[in-house]
Amino acid sequence: MHKFRFLLFGLGAAFIAAAQQPPLRAPDVPYEPSPPEVVAEMLKLANVQKKDVVYDLGCGDGRIVITAVKEFKAKKGLGIDFNPERLKDCDKSMKDAKLTEAQTKSLTFKQGDVLKMTADDFKDVDVVTLYLLPEVNLRLMPVLQKGLKPGARIVSHDFDMGDWKEDKKEEVTADRTHTIYLWTIKKK
């Protein structure tokens, strides 16, 4: 009987320890939400339309794809974030946005590592939004260039992509001056 209790205690302790394990690595980017004025300008600059599928890499609280679907009438929005806590924020943001049933069905949020995405993950995407750090943008750049179809747009808040010259660059004043970069995928 003692062996059985010890085994149960050991299994319980192992389960608790496993549940308390930290993520395999720290997130590559700190969470810093884009102000609503910047979100609106990003989506305007990307010319988001009804037919568009919009992905937000490092989606935070989901505000960009929620705005794309609700205000710009995008066909579909997908937000991806490394941190599972941000997905809880996305659920709250969807509730707070008072979306229609159709808008809610047009949105998907999932946990994932954007640096593990492949070119195939972007083949049906029209707009990609980013608020990541420069080194993350640079790592994503070749995947986006290869995977996105001609005419697809990439819009980044505050950070460029090294020597890949943007098509447009704008400044937006909110809590401070923010820079927005736009690239359009050319024919391959």
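Computed from Cα atoms, the angle from the helix 2-19 axis to the main principal axis of the chain rounds to 10 degrees. Near GLY79, the amide H atoms lying under 5 Å from its own belong to ASP56, THR108, PHE109, LYS110; only residues 5 or more places off or on other chains count, and H is placed 1.01 Å from N.
Estimated from helical segments only, the mean residue ellipticity of the chain at 222 nm is -11000 deg cm²/dmol, where each DSSP H run of four or more residues counts as -39500 (n - 2.57). For HIS178, the residues 5 or more places off, or on other chains, whose built amide H falls under 5 Å of its own are VAL172, THR173. Relative to the dominant Cα principal axis of the chain, helix 36-45 is inclined by about 50°.
Taking only Cα atoms, what is the 0 to 90° angle, nearest 10, from helix 84-96's long axis to the longest principal axis of the chain? Rounded to the nearest ten degrees, it is 60. Put simply, when 149-157, 73-81 are sorted by average Cβ atoms within 10 angstrom per residue, most first, you get 73-81, 149-157. Residue order by solvent-accessible surface for SER93, SER34 is SER93, SER34, largest first, with ligands and nucleic acids left out and a 1.4 Å probe.
Rolling a 1.4 Å probe across the protein heavy atoms gives the range 85-178 an accessible surface of 57 Å² per residue. Heavy atoms only, probe 1.4 Å: what % of the accessible area of the range 47-134 goes to carbon and sulfur, would you let me know? The nonpolar share, carbon plus sulfur, comes to 49 percent.
Couplings 3J(HN,Hα) for the range 119-127, derived from phi with the Karplus relation 6.51 cos²θ - 1.76 cosθ + 1.60 (θ = phi - 60°), are 4, 4, 5, 10, 5, 10, 9, 9, 9 Hz, where x marks Gly and Pro. Across the chain, C-alpha contacts under 8 Å between residues 6 or more apart give a mean separation that, scaled by the residue count, equals a relative contact order of 20 percent. Per-residue surface analysis assigns PHE82 an accessible area of about 60 Å², computed on protein heavy atoms at 1.4 Å probe radius. Exceeding 18 Å between C-alpha atoms, which entries from my cross-link table qualify? They are LYS51/LYS149; LYS70/LYS98; LYS51/LYS169; LYS75/LYS105; LYS76/LYS105; LYS75/LYS169. From LYS51/LYS149; LYS70/LYS98; LYS51/LYS169; LYS75/LYS105; LYS76/LYS105; LYS75/LYS169, over 18 Å: LYS51/LYS169; LYS75/LYS169. Note on Cα extents along the principal axes in Å: of the candidates [x] 72, 39, 34; [y] 57, 43, 33; [z] 55, 35, 35, the value calculated from this structure sits at [x].
For LYS116, a cut-off of 19 angstrom between C-alpha atoms picks up these aspartates and glutamates, skipping any fewer than 8 places away in its own chain: ASP28, ASP56, ASP81, ASP124, GLU135.
The values are calculated or read from the model by the stated rules, or taken from the named source; none is laboratory data. Bear in mind that the values here come from a model prediction, so they are computed numbers and not experimental data. Methodologically, a virtual Cβ is constructed for each residue, glycine included, from the backbone with ideal geometry; neighbour enumeration extends over all protein chains shown. What goes into the accessible areas is simple: the full protein's heavy atoms, side chains included, and nothing from ligands, DNA or RNA. Shrake-Rupley method; radii C 1.70, N 1.55, O 1.52, S 1.80 Å.
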